[in-house]
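> This is the structure, below, for whatever I ask next.
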Amino acid sequence: MQRFYLPQTNFDHQLTISKEKYPDLFHQLKNVLRAEIGDQFIFFSGKDTNESVLELTESGKEFYFTAKETRETKTELPNSLTLIQAVPQKSEKWEWILQKGTELGVSTFIPLITERTQRKILPKVERMEKILIEAVEQSGRVKIPTITTPLALEKLTLPANTHSFFASLHGTQSLQDHIKTKHPRFESISIIIGPEGGLSPKEEDFLIGTGALPFSLGTRALRLETAALASLAIISSSI
């Protein structure tokens, strides 16, 4: 069933989709999906963990929907998950990380600037928000992740109630073992992934000083996007 995100909307009774108020959604319903009377769709606002099933009852210049069912979803992770990711050289890699990270449950993305970061400019905000929303709709989630402004590593502070881990070729413990030791004694978790070329020894020492723990993803040197997704998959399946 097709899912749509409409912020700040109540789906308890009826919903009207007009071309003037929701031009993109109107176009998708009319020209892409060719919605017909009786078709059902899922709508969610992101305000809570609920989603609503609505049935199309009338169409023409506007689409009219009637609420059929509201249900609680169980697709969000029980703990907040933050990805602190060094900005890749190519914007396509960053967009891919946003998409896949959202599918794997990330609630906050923090773009990180390190000594070896070569690109410090992100795609346009509108472009990134579109990627996040589409990934949430596709994956069955209901919460839209947030993206902060780029942050220099030396200015990074980690909340006291967060367990933080960073990928390192010098790590001696796996992320799985860290999670087994810490879970469920944390409210949130942060994963830190360095740039192409990795974090410098000075940066790793800085992170250890903030309370972050190094972890190993094996003996092979992974691309940053591979390291990010492998780490997130471990977390998503472990908590």
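> If I compute semi-axes √(5λ) of the Cα gyration tensor in Å from the structure I just sent, which labelled value in (i) 37, 19, 16; (ii) 30, 21, 16; (iii) 39, 19, 14 lines up?
So the structure-derived entry is (iii).
> Among the listed pairs Lys124/Lys155; Lys90/Lys120; Lys120/Lys155; Lys93/Lys143, give every one whose C-alpha distance is greater than 20 Å. Write out the running numbers ahead of the final one.
Values: Lys124/Lys155 23 Å; Lys90/Lys120 10 Å; Lys120/Lys155 15 Å; Lys93/Lys143 23 Å.
The answer is Lys124/Lys155; Lys93/Lys143.
> Now a separate question. Take the Cα atoms of the range 87-174, build their convex hull, and give its volume per residue in Å³. The partial results should precede the final answer.
Working: hull volume 11.3 nm³, N = 88.
With only Cα atoms used, the range 87-174 gives 129 Å³ per residue.
> Looking only at GluC sites (Glu not before Pro) in DSSP loops with at most 11 other Cβ atoms within 10 Å, what is the longest site-free stretch of the chain? Walk me through the intermediate numbers first.
Values: sites that count: Glu20, Glu36.
Here the longest segment lacking exposed loop sites spans 37-239.
> Over the Cα atoms of the range 3-72, how large are the radius of gyration and the largest Cα-Cα distance (Dmax), in Å?
Looking at the range 3-72, its Cα Rg and Dmax stand at 11.3, 32 Å.
> Quote the FRET efficiency, to the nearest 0.05, computed for Ser139 versus Ser216 with a Förster distance R0 of 35 Å and r equal to the Cβ-Cβ distance. Numbers along the way, then the final one.
Numbers: r = 28 Å, r/R0 = 0.80.
Efficiency computed from Cβ-Cβ geometry: 0.80.
> So for the chain: antiparallel DSSP bridges make up what percent, rounded to the nearest 5?
Numbers: 17 of 44 bridges.
That works out to approximately 40 percent antiparallel.
> Mind giving me the nanometre distance, one decimal, between the label points for Ala67 and Thr108, set 7 Å out from Cα along Cα→Cβ?
3.1 nm
> While we're on this one: List the trypsin sites (Lys or Arg not before Pro) within the range 114-189 that fall in a DSSP loop (any state other than H, G, I, E or B) and whose Cβ has at most 12 other Cβ atoms within 10 Å. Don't jump to the answer; show the numbers that get you there.
On the way: sites: Arg116, Arg119, Lys120, Lys124, Arg127, Lys130, Arg141, Lys143, Lys155, Lys180, Lys182, Arg185; in loops: Arg116, Arg119, Lys120, Lys124, Arg141, Lys143, Arg185.
Listed in order of number, the matching sites are Lys120, Lys124, Arg185.
> Report the per residue volume, in Å³, of the convex hull enclosing the C-alpha atoms of the range 76-123. All intermediate terms of the calculation are to be shown ahead of the outcome.
Working: hull volume 3.1 nm³, N = 48.
Enclosed volume per residue, from the Cα hull, is 64 Å³.
> Also: Rounded to the nearest Å, what's the spacing between the alpha carbon centres of the range 19-57 and the range 171-239? Just the number, please.
When both Cα centres are located, 39 Å separates them.
Where a number appears in this text, it was derived from the coordinates with a stated rule and is not lab data. Computed from a predicted structure; not experimentally measured. Don't worry about glycine lacking a Cβ; one is built from the backbone with ideal geometry, like all the others, and counts go over all protein chains shown.
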